[in-house]
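The structure appears right after this line, and notes come after that.
Read the figures in this text as sums done on the coordinates, not as results from a lab. From a predicted model like this one, the values you see are computed outputs, not experimental measurements. Please note: Cβ atoms are built from the backbone with ideal geometry, for glycine as well, and neighbour counts cover all protein chains shown.
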């Protein structure tokens, strides 16, 4: 009870550091204990970093685009086909009008056309790409389709893409490393002040190993809170629970290092 009271007094005088330490301790316990749950959740939440290799096509509005889409989708090297929205179609029309100097009737015909985005596999060969485009022309008729050039949409700079790919592959590992770094900062921040308080208690109240006992009380409280949260809201892995608890509690050994002494501000 003595060490609990002293810890409460210490927390009151070091509120920010203690709040940071307690939140990070509980978060680490919950994150590691429920590793599989959070890893799957974070991975799904992260955006896809895949590049796109595609070409656009404007098809006569009177043609059955569903049938065309179904047949093109069945070709090797075609990943997907998307319909281009009306607003994008209008942008394409404006560009064609400026480039080709279309009259009103021709513009009306272009506006009535339907846009398709044919997304290709990045590894598809140039000859296969040309065959896909030729097949689309045969399906629609030469006069009923306008094909755009082959485009590559790079989602991000290649090195950034590689970093994000690794993050998406091991999202929780990255998060735990970042949390651990912040936890170490919080640990170091309160360690100095806790040892100062412990020095005064040992000096005037004839107690021994005060810093160690206060820290053990501190880490046990917030580790237990993390365990309670894990079992109350998730289905934690007992081995991971035991591992993270053992690691956190073992940090108390650092309080046995060095001699307690008063440090002037």
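Ordering of 219-225, 194-200, 173-179 by packing is 194-200, 219-225, 173-179, highest average first (other Cβ atoms within 10 Å, averaged per residue).
The label point for residue 196 and the one for residue 75, both projected 7 Å from the Cα toward the Cβ, are 7.4 nm apart.
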